[in-house]
Each structure stands twice: as structure tokens, then as C-alpha cells.
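Worksheet: one structure, shown below.
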Amino acid sequence: MKSICQIYKIGHGPSSSHTMGPMRAARIFHNRYPDAARYRVSLYGSLAATGKGHLTNETLMLELGEDRLEIVEYPEIFLPEHPNGIIFQAFDAGGASSGEWTVFSIGGGDIREKGAEEIYLEDGSLYSNEEIYDLANMAEVLRWCKQNGRTLWEYVDLHEKPGYMDYLANVWECMKESVENGLNREGMLPGGLHLQRKASQYNIKAQGYDRSLRNRGLIFSYALAVAEENAGGGSIVTAPTCGSAGVLPAVLYHCYRNYNINEHRILRGLATAGLIANIVKRNASISGAEVGCQGEIGVACSMASAAANQIFGGTIYQIEYAAEMGLEHHLGLTCDPMCGLVQIPCIERCAFAAARAFDTNVFATLSDGRHRVSFDEVVKVMKQTGHDLPNLYKETSMGGLALMNPEED
């Protein structure tokens, strides 16, 4: 597996696969053909079906220039390697083709060139393809931890390159800012749903309850805050994606603000959560277009569950159990956003998944960590379930809630 820093990308919403990925790809293509008289971008599958609502088109126009860009959409055609396919073409003044590039937005803001494994960074350089982790599943990691007397964040710490904790500190700062910015903003979110921001109201109302209900209400408000920031195009961190970006920050912020957990422990929780996402990404997928929302919200809940249990002193087996439950109880979750916007059901799902993550932490803590279904087995099931889901339930807005009329009361 590669660095967990690939999991956490600081950028703008509303979608890592539909906004951040295409932005990076378009920037690379523009750098290759800066003098092109005209560009054509062909979007396939999920990118074509929900690109407008996810601001894909606006992103491409910003990078390539609205006056010389033609966007063609093929929502019912899925390229073989991934549902989020893009073909870039450049033309000279005479209309002759001067270059073509096929790339896939594979989730979490990452992109992959056709027939290759390399992941591209925003500046266009190739990300190091170095495998810095020698183990690829949870069972192997747990065995290593037991043999060496280490916990999961220490396994990460011993394998990552110097400076990764500084990067995680920047990630945590951005997460805190996204929570606090979201709590201070009110008004309507962009798009055709006319959805009002709710985080501020939830936060104020939660303060009037006794401790148990107050804690639940505060977690809701923190997750809503980040999810609404994402929906509004604000600055957020993929965890593992933009659409699920509200879950992990909500849990970490709750630990930090209301349980007085110091930031060293928060960063260790981030490391553990990154390892969880890394394992899923390696053995399944974090792309809603590929496996449905179970790969986004489900993985985010799993990450937050593991992080919380790490922070509150869980054993490696309790952490694994919490992560397993966070993913297991989101199996089969569809990705069917109304109007192609990352708002309904995405924003509420972040809030419920954050609360569920805190619950799985408590459930696992009360246990001895032993359970029947392993994290690795659930990851395998999630992958197969995602492949079995019809495409209309995988970020195409062709089925489920996406078919509801937003104008109806």
C-alpha cells in the first residue's frame, strides 16, 4: 500500500471524483497542450450523468477556458476500466488533433491513466508508485502488531516517510476550520434543491439538552457543518471522499472539543483512520461510482469508528472490531443523489454515520474485541456487493432517491 497522505487531500467540494479528480486531470492536459486552439472533453458514465450537479463542467471550464472548450456527455457508456472515464482532446487552429488522453477519476481525488497504475498529483507530476507498506490486509497488520507489541498508529508511523505527521497536522487544521466555518454559516446551499444549512441550528439546540442528547446533537451539528461546507464548494479534506467528508472530522472534533483529547492523540487517530481507508482502497474501492455509497459513507464511518476507538484506548482487536462494524452496517448503501447534487441524502448521511461511528466505538469498547466477521471479510463483501449493484444506484442519479421530484412537497 502507498502513503496514507493520498487518502487525505485538502481541496474544495462538492465531489472528490467529480470535481477534484477532473480538475487535476484538466490541469495536466492543459500543461501538456497549453497552445491548443480548442479542447474537447468527453465524459462517460457517472461523470456524465451527475457532472453538472457535481460542478464537473464548471471545473473543466475553469481549467481549460470556457471559450475554447467543448464538453460532450455519454451517461450510458461506461469505459471498461472505471465508471468515471474522461477523454481529453486538443486541436490546433486548423482543427487537426494535436493530442488525446484517456484518464479515470477513481475516487478520493485520485486519477489514473488508461492502462497504468500511476496516480497523478495536482501539479501534474507522477506520484511515487512506491509501496511503503509491506502488508495489505488487516489480518496481517494485526498479526504484526501483536508480534511487535505495537498498535495500529505505530504501524503507520514506522512505515510512513518523515514529515507525514506534519501533513496530518495540516489536515487536522483544515478539518477544524471546516467544522467551525460550517457552524458559523447560514442560508441556502447552491443548486436546485433550495436546501437550507442546518448545522448552526443543530449546534445551538444541542446545547440545551442533558449530556447524552447534547453529545449526539453536537456530533450531528459538526458533521452537518462539514458536509454543508462541501456542498457549498468550501474547503474540506477527503476522508476518504468529499461526499463523505463530514464523518471523520465530526468525530475527531467532538473528541477534541468535548472530551479534551489533546491533538497528539487526534493525529494518531487520523493515522489509524488513514490505514483503514488504505486497506479498503487496496482491496476494494472508495469510489461511489464503482461500489455505491458504501464505499464512501461506509468507509468514512469505518475510519471514524477506528479513530475513536484508538483515541479512547481500545486494543488493536477492539479497533478492528469498531472498523468492521462501521463498514458492515453500511453494506449495500446506494449512491443516488437528488439532482446530481452532493446534498440529499449525502449531508444527512454524514451526520448519521458520524453518530454511528461513536456508537461502534462504545460497542467495541464494551466487548473483548472477539467477533465472528472480520474487517477483511467485510471489505471483500463490500467489493462484491458494489459490483452486483446496478449502475443506476452508483452515482448516476438514474434510480432511487434521485428519481424524486425536488419541486414536490
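The values are calculated or read from the model by the stated rules, or taken from the named source; none is laboratory data. Note that the structure is a prediction, hence the values are computed from the model and not measured. For neighbour counting, all protein chains shown are included, and Cβ atoms are generated from backbone atoms with ideal geometry for every residue, glycine included. All accessible areas refer to the heavy atoms of the entire protein, side chains included, with ligands and DNA or RNA removed. Shrake-Rupley method; radii C 1.70, N 1.55, O 1.52, S 1.80 Å.
Quick look at the values:
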item	result
Subset of the range 63-98 (residues that are assigned to a strand (DSSP E or B), under 19 Å from Lys52 (Cβ atoms) and open to solvent by 40 Å² or more (accessible area, probe 1.4 Å))	Glu70, Ile71, Glu73, Tyr74
Test: Ala26 is touching a residue at least 40 places away in the same chain (Cβ under 8 Å), touching a Lys or Arg at 6+ places or on another chain (Cβ under 9 Å) and small (Gly, Ala, Ser)	no
Verdict on Ser235 being crowded, with 24+ Cβ neighbours inside 10 Å, touching a residue at least 60 places away in the same chain (Cβ under 8 Å) and among the polar types (S, T, N, Q)	no
Candidates Val251, Val226 - the one that is out of contact with any Ser or Thr (no Cβ under 7 Å at 6 or more places or on another chain) and assigned to a helix (DSSP H, G or I)	Val251
Residue identified as open to solvent by 10 Å² or more (accessible area, probe 1.4 Å) and over 15 Å from the mean Cα position of the chain (by Cα) among Ile316, Ile311	Ile316
Near pairs, Cβ below 6 angstrom, 6+ apart or cross-chain, from the range 273-296 (closer than 22 Å to Thr396 by Cα and open to solvent by less than 10 Å² (accessible area, probe 1.4 Å)) to any residue that is outside any helix (DSSP H, G or I) and acidic (Asp, Glu)	Gly288/Glu296; Gly288/Glu395; Ala289/Glu395
Selected residue (only one of Ser178, Ser200 is more than 26 Å from Cys5 (Cβ to Cβ), within 25 Å of the chain's Cα centre (by Cα), of a type in the set (Ser, Thr, Tyr) and surrounded by 14 or more Cβ atoms within 10 Å (Cβ to Cβ))	Ser200
Out of Val381, Val362, sole residue that is touching a residue at least 24 places away in the same chain (Cβ under 8 Å), more than 13 Å from Cys293 (Cβ to Cβ) and open to solvent by 40 Å² or more (accessible area, probe 1.4 Å)	Val381
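Matching residues to (1) of a type in the set (Asp, Glu); (2) out of contact with any Gly (no Cβ under 9 Å at 6 or more places or on another chain); (3) not in a helix (DSSP H, G or I):
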position	(1), (2), (3)
Ala300	no, no, no
Ser305	no, no, no
Gly314	no, no, yes
Ile319	no, no, no
Met325	no, yes, no
Leu333	no, no, yes
Val342	no, no, yes
Ile347	no, no, no
